[in-house]
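One structure is given here, and the rest of the page talks about it.
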Amino acid sequence: MEATRSVIEARGLVREYGPVVAVDGVDLVLDEGEFLVIFGPNGAGKSSLLGMLGGALRPTHGTVSIRGTPLDFSDGDWRRRVGVLSHKGFLYAHLTAEENLRFYGRLFGLRDLDERIPERLARVGLTNRARFEVRQLSHGMRQRLALARALLHDPDLVLLDEPYTGLDPSAASVLRDVLRELRDGHRTVVMVTHNLTEGLKLATRVAIQVAGRLAWEGPTTEVDRDTFDTFYHEVVEG
Amino acid sequence: MSLYLSQIRVIVWKDLLLEFRTRERIVAMGAFAVLSGVLFNYSLDTARVAPQDVAAGLIWMTLVFGGLLGVGRTFYLEAQDGAMQGVLMSPAPKDAVYLGKTLANFTLLFPVALLVLGVFWLFFGLDLGSSPGMLVLALALGSLGFVALSTLFAAVSSGTHMGETLLPILVFPLLVPMVIYGAGATGRIMVGRPVEEVTGNIQMLAAFALITLAAGAVLFRFVVED
């Protein structure tokens with residue numbers, strides 16, 4: 001079988017909530033090492049799109065394939081290839097940082113957790129908080145722990161939904177460094193954010209989603225960073 | 001298979017560890033069991049009603065109401081910070097998630113069932129009959145069937161705006177067979193009837209537990225998946 005370079009491929013994705021069409025016919029192909037940042041106003045359907053790419057939401061129409069394999073909801077094996085960081089951390093407040101990672105690591109069937117967990121905690125600067133319960137951590141620390149959780153199983157595809165929300169500058173800097181490592185390590189990343197400045201710092205491709213559709217999409221080489229703010233508003237306002 | 005069992009095990013470990021840290025559910029269920037025993041003790045006129053005649057039904061109803069207090073909150077801690085979504089986005093099969101949560105709930109409920117029996121024995125001066133082992137077996141199978149059913153419906157109700165309020169309405173009608181066979185077996189054992197007379201009830205409790213477990217494992221994914 002011929003190896004496919006595309007990590008994720010979405011065709012004709014539509015997501016409806018009753019009469020509301022949140023995502024309206026999105027096509028997307030991302031190759032290894034691409035870092036796509038999706039901007040868009042509230043209600044544009046960004047989180048729904050991300051949910052479908054990660055298998056959290058079932059598309060109303062359309063297909064998603066990861067490494068050429070269509071998502072099959074009855075078989076969760078492809079979930080090993082995807083890491084998700086949303087504005088919710090998916091963490092248990094009464095478990096320690098280390099216990100949270102061990103729990104998720106064992107759900108993913110990882111065997112080298114004794115080495116992997118300290119390494120991941122060090123990577124997000126939480127080594128000295130390993131035995132703290134999550135409820136004792138600040139919001140920034142929780143977000144960093146959630147990032148360690150999302151990357152624990154070395155996913156091919158990393159999906160990030162507003163990861164900078166509520167982070168102080170120090171926590172944002174740690175997050176930026178880890179995301180830069182991902183990009184430079186040829187991981188494929190899709191990030192949804194309102195933060196144009198942070199998004200452009202990391203992106204290799206940019207999309208602007210408006211009313212469920214990708215109204216504009218292109219490589220960052222086509223983007224003038226100095227005037228992107230104006231361009232974004234022009235696209236959003238149609 | 002070993003991964004599947006390991007996934008079930010880690011969910012049980014996580015749920016029990018969370019309960020050990022918070023003690024929310026076990027305290028609520030235990031307190032309910034003790035207080036119910038106290039109240040029933042004062043509500044019965046033992047000059048007219050023999051405790052031995054009514055205790056079996058009261059034990060099972062206390063178990064059902066107390067159990068719902070605990071099992072109803074089984075998805076509450078999961079909902080905080082979207083943890084359940086994280087579990088569902090892992091490769092763990094949905095039936096493994098269900099079985100893990102059901103086993104954890106059973107581990108919490110069964111000691112409460114024994115506590116209920118102890119409380120009623122103490123306050124009502126019950127005779128536990130000639131086969132206390134069968135009594136414990138009936139409670140164990142009943143508890144398993146109860147958690148198998150109520151864990152599934154706790155997932156259903158947690159996804160609605162009515163939350164825990166909806167759970168008894170959904171579960172009580174389906175618990176009728178368990179209460180009939182459970183209270184029947186318990187009552188007969190406590191009045192010293194021969195073991196052969198309750199074997200059928202015990203088999204029905206076992207069948208109820210197995211059927212609800214199997215149905216829960218199959219249906220859980222339709223409840224939790226988008």
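The values are calculated or read from the model by the stated rules, or taken from the named source; none is laboratory data. Just so it is clear, the structure is predicted and the values come from calculations on it, not from any experiment. Cβ coordinates were reconstructed from backbone atoms using ideal geometry, including for glycine residues, and neighbour counts include every protein chain displayed.
Restricting to the range B:19-33, name every residue that is within 11 Å of another protein chain (Cβ to nearest Cβ), surrounded by fewer than 21 Cβ atoms within 10 Å (Cβ to Cβ) and either touching an Asp or Glu at 6+ places or on another chain (Cβ under 7 Å) or not basic (Lys, Arg) (or both).
Correct list: B:20, B:22, B:24.
Could you tell me whether the range B:34-49 includes any residue that is more than 14 Å from every other protein chain (Cβ to nearest Cβ), surrounded by 16 or more Cβ atoms within 10 Å (Cβ to Cβ), farther than 30 Å from residue A:111 by Cβ and among the β-branched types (Val, Ile, Thr)?
Looking through the range B:34-49, at least one residue is more than 14 Å from every other protein chain (Cβ to nearest Cβ), surrounded by 16 or more Cβ atoms within 10 Å (Cβ to Cβ), farther than 30 Å from residue A:111 by Cβ and among the β-branched types (Val, Ile, Thr).
Among B:200, B:159, B:163, B:184, which is the only one that is surrounded by fewer than 22 Cβ atoms within 10 Å (Cβ to Cβ) and on the phi > 0 side of the Ramachandran plot?
Checking each option against the conditions leaves just B:163.
Report yes if some residue within the range B:122-136 is within 14 Å of another protein chain (Cβ to nearest Cβ) and in contact with a Gly (Cβ under 6 Å, 6 or more places away or on another chain); otherwise report no.
no
Between a first residue in the range A:224-238 that is touching a residue at least 60 places away in the same chain (Cβ under 8 Å) and a second residue that is assigned to a helix (DSSP H, G or I), which pairs have beta carbons less than 7 Å apart while being 6 or more apart in sequence or on different chains?
A:232/A:196
Test each condition in (1) under 28 Å from residue B:135 (Cβ atoms); (2) outside any helix (DSSP H, G or I); (3) within 14 Å of another protein chain (Cβ to nearest Cβ) for residue B:99 and report the one that comes out false.
Among (1) under 28 Å from residue B:135 (Cβ atoms); (2) outside any helix (DSSP H, G or I); (3) within 14 Å of another protein chain (Cβ to nearest Cβ), the lone unmet condition for residue B:99 is (2).
Restricting attention to the range A:32-55, does a residue exist that is within 14 Å of chain B (Cβ to nearest Cβ) and in contact with a helix residue (DSSP H, G or I) (Cβ under 8 Å, 6 or more places away or on another chain)?
Yes, the range A:32-55 contains a residue that is within 14 Å of chain B (Cβ to nearest Cβ) and in contact with a helix residue (DSSP H, G or I) (Cβ under 8 Å, 6 or more places away or on another chain).
Step by step: first the residues of the range B:188-226, then only those that are over 19 Å from the mean Cα position of the chain (by Cα) and of a type in the set (Gly, Ala, Ser), then the one that is nearest to residue B:91 (Cα to Cα). Which residue is that?
B:200
Could you run through the range A:84-111 and say how many residues are touching a residue at least 60 places away in the same chain (Cβ under 8 Å) and over 23 Å from residue B:222 (Cα atoms)?
Within the range A:84-111, residues that are touching a residue at least 60 places away in the same chain (Cβ under 8 Å) and over 23 Å from residue B:222 (Cα atoms) number 4.
Quick one: would you say residue B:183 is under 15 Å from the mean Cα position of the chain (by Cα) and within 21 Å of residue B:25 (Cβ to Cβ)?
no
Please go through the range A:129-188 and give me each residue that is in a loop (DSSP other than H, G, I, E, B) and among the hydrophobic types (A, V, I, L, M, F, W, C), ordered by number.
Correct list: A:130, A:132, A:137, A:152, A:167.
Which is buried (at least 21 other Cβ atoms within 10 Å of the Cβ) and either out of contact with any Leu (no Cβ under 7 Å at 6 or more places or on another chain) or free of Cβ contacts under 8 Å to residues at least 24 places away in the same chain (or both), of A:204, A:193?
A:193 is the lone residue from the list that is buried (at least 21 other Cβ atoms within 10 Å of the Cβ) and either out of contact with any Leu (no Cβ under 7 Å at 6 or more places or on another chain) or free of Cβ contacts under 8 Å to residues at least 24 places away in the same chain (or both).
Could you give every pair whose Cβ atoms fall below 8 Å, whose first residue belongs to the range A:175-187 and is hydrophobic (A, V, I, L, M, F, W, C), and whose second residue is assigned to a helix (DSSP H, G or I) and crowded, with 16+ Cβ neighbours inside 10 Å, counting only separations of at least 6 or pairs across chains?
Hits for this filter: A:175/A:143; A:175/A:144; A:175/A:147; A:178/A:123; A:178/A:147; A:178/A:151; A:179/A:202; A:182/A:151.
Matching residues to (1) part of a strand (DSSP E or B); (2) without any contact (Cβ under 8 Å) to a residue 60 or more places away in the chain; (3) under 21 Å from residue A:161 (Cα atoms); (4) charged (D, E, K, R):
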{"position": "A:23", "(1), (2), (3), (4)": "yes, no, yes, no"}
{"position": "A:28", "(1), (2), (3), (4)": "yes, no, yes, no"}
{"position": "A:55", "(1), (2), (3), (4)": "no, yes, yes, no"}
{"position": "A:58", "(1), (2), (3), (4)": "no, yes, yes, yes"}
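Do we have residue B:70 as without any contact (Cβ under 8 Å) to a residue 60 or more places away in the chain, more than 10 Å from every other protein chain (Cβ to nearest Cβ) and surrounded by 21 or more Cβ atoms within 10 Å (Cβ to Cβ) here?
It is true that residue B:70 is without any contact (Cβ under 8 Å) to a residue 60 or more places away in the chain, more than 10 Å from every other protein chain (Cβ to nearest Cβ) and surrounded by 21 or more Cβ atoms within 10 Å (Cβ to Cβ).
Any chance you could count how many residues in the range A:97-156 are more than 11 Å from chain B (Cβ to nearest Cβ), within 21 Å of the chain's Cα centre (by Cα), buried (at least 19 other Cβ atoms within 10 Å of the Cβ) and of a type in the set (D, E, K, R)?
Of the residues in the range A:97-156, 2 are more than 11 Å from chain B (Cβ to nearest Cβ), within 21 Å of the chain's Cα centre (by Cα), buried (at least 19 other Cβ atoms within 10 Å of the Cβ) and of a type in the set (D, E, K, R).
Just to check your reading of the model, which residue among A:44, A:56 is over 16 Å from residue A:194 (Cβ atoms) and among the small types (Gly, Ala, Ser)?
A:56
Can you find even one residue in the range A:125-141 that is in contact with a Phe, Trp or Tyr (Cβ under 8 Å, 6 or more places away or on another chain) and within 23 Å of residue B:20 (Cβ to Cβ)?
Within the range A:125-141 (the criterion being in contact with a Phe, Trp or Tyr (Cβ under 8 Å, 6 or more places away or on another chain) and within 23 Å of residue B:20 (Cβ to Cβ)), the answer is yes, since at least one residue qualifies.
Could you tell me which residue of the range A:61-82 is modelled with the lowest pLDDT, considering only residues that are within 18 Å of the chain's Cα centre (by Cα) and more than 9 Å from chain B (Cβ to nearest Cβ)?
A:71
Condition first: part of a loop (DSSP other than H, G, I, E, B) and under 16 Å from residue A:156 (Cα atoms). Now tell me which residues in the range A:30-53 satisfy that.
Correct list: A:32, A:33, A:34.
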